[in-house]
1. Mean 1/r over all different Cα pairs, inverted: what Kirkwood radius does region 1-118 give, in Å?
2. Helix 208-217 versus the longest principal axis of the chain: what angle, 0 to 90°, nearest 10, using Cα atoms?
3. Note the count of lysine pairs whose C-alpha atoms are less than 30 angstrom apart in the chain, limited to pairs 8 or more residues apart or on different chains.
4. Within 10 Å, count the other beta carbons around each residue, average over each peptide in 29-37, 92-100, 150-158, and list them highest first.
5. With charges set only on the Cβ (+1 for Lys and Arg, -1 for Asp and Glu), what does the dipole of the chain come to about its Cα centre, in debye to the nearest 20?
6. Can you give me the orientation-averaged projected area of the convex hull built on the Cα atoms of region 14-324, in nm²?
7. Expressed as a rounded percentage, what relative contact order does region 14-324 have, with Cα pairs under 8 Å and six or more residues apart?
Amino acid sequence: MSPLADRYGRRFPYLRLSVIPACNFRCTYCLPHGYHADAKAAAPLSLPEITRLLRGFTELGMHKLRITGGEPSVRHDLTEILRTAAAVPGITKLAMTTNGTLLSKRLHEWMDAGLNAINVSVDSLDRAAFARITGHDRLEDILHGVDMALEADLASVKLNAVLMRDVNDRELPTWLDYLRDRHIGVRFIELMQTGDNLAFFRDHHVRAETLEAELLDAGWQLLPRAADAGPAREYRHAEYAGRIGIIAPYSKDFCAGCNRLRVTATGDLRLCLFGEFGIPLRPLLQSDDQLEELVRAVGGQIGRKEQGHFLHEGRTGITPHLASTGG
Ligand code: SAM
Ligand code: SF4
């Protein structure tokens, strides 16, 4: 079957699958009061449901899978999920986004299961600032896990840092020291408004362009955008081993590079991070015979994907916080 494309010619080789909405951190921009389970909420997808989902998406041209959450490592059968995903024919890149709390303990187990790329969220390299942002004084162990990942045979190791005014927006010199000798990509992500964080967003949103101007002043160069690249703008500098990516969802044409679909932990397809609706796929994941029906259903929904989000108008869709979709 030819790869899935939408009305605007965008293709979707990349699926972000949340495996659990729960998280052990309390990031100020995401779950400032921690995760509270909704007693009526359905359980996350089981391993057989995940397997059927992934088979359906590979039929539609997906070959890169990212496991996310909530915090994926909160799920006890995470290693089994990775092993199962890695065995699905067609998945060539198996990545995960994590806050890194179990990274130093589980990295090799996850890699043995088939994980070949990892993004770790590290919003600050300053221990006190990191603890204030996440509610956990664990920066040192997480950075140790990141160094282990760099020494291991992974195709890619990246850090994610959400930029916040008056919180971590003056740390570029520290980051540059960190990047000088490490073959790592850091992605600075512009803070996004979600259903729950309006007051925080108003106080702390800062345009990524400010940081990009600093990078250009310091001699960093913007790389030409690869045809199959996602929405990040990539910078490099001859004197640094590391690279810097900028994810600026409020910039012009951000959505033109959209190459991803999302499925929540309970099996809702989300065509956009900030969309107004989810499409429940779980009823189509109950038996192996439903593969064709699943493929038809996803293919039939893709025409509903909007050209862009409506964040500039403050419309955040049904996403209360990004832990609910996997970001
Ligand atoms: N718990 C994992 C983690 O933090 O890496 C995975 C899930 S988290 C929702 C995925 C990514 O979304 C993280 O890098 C996080 O920093 C980012 N994120 C969460 N809320 C955000 C927001 N309002 N704006 C920008 N990025 C956000
Ligand atoms: Fe948890 Fe990730 Fe949200 Fe932080 S950003 S609260 S680690 S889900």
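Read-outs: derived from the displayed coordinates by stated rules, not from any lab. Predicted model only: the values in this text are computed from it and were never measured. In this analysis, Cβ positions are derived from the backbone assuming ideal geometry, glycine residues included, and neighbour counts consider all displayed protein chains.
1. Working: mean 1/r = 0.0656 Å⁻¹.
Roughly 15.3 Å, rounded to one decimal.
2. It works out to around 50 degrees.
3. 14
4. Values: 29-37: 15.9, 92-100: 21.6, 150-158: 14.0.
Result, highest mean first: 92-100, 29-37, 150-158.
5. Details: 39 positive and 41 negative charges, 143 e Å.
That gives a dipole near 680 debye.
6. Values: hull surface 61.0 nm².
Over all viewing directions, region 14-324 projects a mean Cα-hull area of 15.3 nm².
7. Numbers: 578 pairs, mean separation 62.5, N = 311.
20 percent.
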